[in-house]
1. Look through region 184-213, keep the residues that are aliphatic (A, V, I, L, M) and more than 19 Å from the chain's Cα centre (by Cα), and return whichever of them is nearest to residue 243 (Cα to Cα).
2. In region 101-119, is there at least one residue being in contact (Cβ under 8 Å) with a residue 12 or more places away in the chain, among the hydroxyl-bearing types (Ser, Thr, Tyr), buried (at least 16 other Cβ atoms within 10 Å of the Cβ) and farther than 24 Å from residue 282 by Cα?
3. Test residue 142 against the stated conditions and say whether it is out of contact with any helix residue (DSSP H, G or I) (no Cβ under 7 Å at 6 or more places or on another chain) and either surrounded by 15 or more Cβ atoms within 10 Å (Cβ to Cβ) or touching a residue at least 12 places away in the same chain (Cβ under 8 Å) (or both).
4. Being on the phi < 0 side of the Ramachandran plot, in a helix (DSSP H, G or I) and at pLDDT below 85 is the requirement here; does residue 95 meet it?
5. Of the residues 150, 180, 169, which single one is open to solvent by 60 Å² or more (accessible area, probe 1.4 Å) and either part of a loop (DSSP other than H, G, I, E, B) or on the phi < 0 side of the Ramachandran plot (or both)?
6. Could you run through region 218-234 and say how many residues are open to solvent by less than 10 Å² (accessible area, probe 1.4 Å) and polar (S, T, N, Q)?
7. Having 3 or more residues that are modelled with pLDDT of 70 or more, of a type in the set (D, E, K, R) and within 19 Å of the chain's Cα centre (by Cα) is the bar; report the helices (runs of 4 or more DSSP H) wholly within region 2-91 that clear it.
8. Taking helices (runs of 4 or more DSSP H) that fall entirely within region 204-290, which contain at least 1 residues that are at pLDDT below 80 and touching a Gly at 6+ places or on another chain (Cβ under 8 Å)?
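The values are calculated or read from the model by the stated rules, or taken from the named source; none is laboratory data. For clarity, every value in this text was computed on a predicted model and none was experimentally measured. Positions of Cβ are generated from backbone atoms using ideal geometry, with glycine treated the same way; all protein chains shown enter the neighbour counts. In case anyone asks, the SASA skips ligands and DNA or RNA and just uses the protein heavy atoms, side chains included. Shrake-Rupley method; radii C 1.70, N 1.55, O 1.52, S 1.80 Å.
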Amino acid sequence: MQHQTSLMRDNPETPLSPLQRQIAARLVDWVRDKGFAPGQAMSELSAAAAIGVSRTPVRAALAWLEQQGLLERRPGVGYVTTRPAAAFTTPALAPASDEADHLFVAIARARNAGQLPTDISEADLMRRFEVTRPTLLKVLARLAEVGMVERKAGHGWAFQPIHSDLAAEQESYRFRLLIEPAGLREPGFALPPGWSALMRERHQAMLKQRWHDDAAVQLFEMNAAFHEGLAAASGNRFLLMAMQQQNRMRRFVNYDWGHGRERMVVSCTEHLEILDRLDAGDGEVAAVLLQRHLDKARQLKREDPI
């Protein structure tokens, strides 16, 4: 489907992060694909489940769409559409800042290597990474959004604990091996309309783009949306909550992706094969493929030099 580009302008008081802008665009695609009529209700939970992401970035994207006059907030309902689906246009996505993505990955690597203390000031971070305050604040805001840092009551920032040792990572994968394939076997499993197509589009775009280290952030967010989306489709709220917790724990560690393009291609290809089987209605084969996918990733982590 060809989508127009919105000419609407952001409210300067509530700018969106690159991730939130992408989510806003995917929400617009969802509304158009579903053919929503004016007055169609949507909650944060239903919107997040439909596109396979967590509620935190969806909340900001929905508020931004409300500012554009496309949604209206109603007590006890959440949001309702104010226009026909055809009137929804994809927000123009500002490209993510290369400097910000580079800093994000650099901070992840330094923190994972034990080179950054738990408590640190903005001045110390600016000196260490030789960046401007606006760029640093942009990255700290993104880290706070995913729960990896918190602003201290006085001044400075505090990193949240990370579990990056090999034993913890192996436990995480074994736990996911227990719950994720089981989610595909739940009796109420059903992919939301349009979700599979959106996932294919994102994976194919990743496969086509030139690989660079800063793409680790984009790769993880896409992978996280894929696995969280499958958990949401299970219809089991407890599986979804567990997957969201796993993604929060894995996010900062996995932003430091050290396997390059080759492993990215393998991961994307396996995800697309799982989607193929689900679209064909063969959930059992999809569950087996998902189990193999997770076990291969577990073995890869086990073989990493620590």
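1. Kept after step one, since they are aliphatic (A, V, I, L, M), are these residues of region 184-213: 184, 190-191, 197-199, 205-207.
Applying the additional criterion that residues be more than 19 Å from the chain's Cα centre (by Cα) yields 184, 190.
Details: 184: 13, 190: 17 Å.
Checked region 184-213; the qualifying residue nearest to residue 243 (Cα to Cα) is 184.
2. no
3. Working: out of contact with any helix residue (DSSP H, G or I) (no Cβ under 7 Å at 6 or more places or on another chain): no; either surrounded by 15 or more Cβ atoms within 10 Å (Cβ to Cβ) or touching a residue at least 12 places away in the same chain (Cβ under 8 Å) (or both): yes.
Judged against the criteria, residue 142 is not a match.
4. Working: on the phi < 0 side of the Ramachandran plot: yes; in a helix (DSSP H, G or I): no; at pLDDT below 85: yes.
When the stated conditions are applied, residue 95 does not pass them.
5. On the way: 180 fails: open to solvent by 60 Å² or more (accessible area, probe 1.4 Å); 169 fails: open to solvent by 60 Å² or more (accessible area, probe 1.4 Å).
When all the criteria are applied, what remains is 150.
6. Adding up the residues that qualify gives 1.
7. Values: elements: 18-34, 44-51, 55-67.
Filter on region 2-91 gives 18-34.
8. Details: elements: 215-233, 237-254, 260-279.
Here the list reads 237-254.
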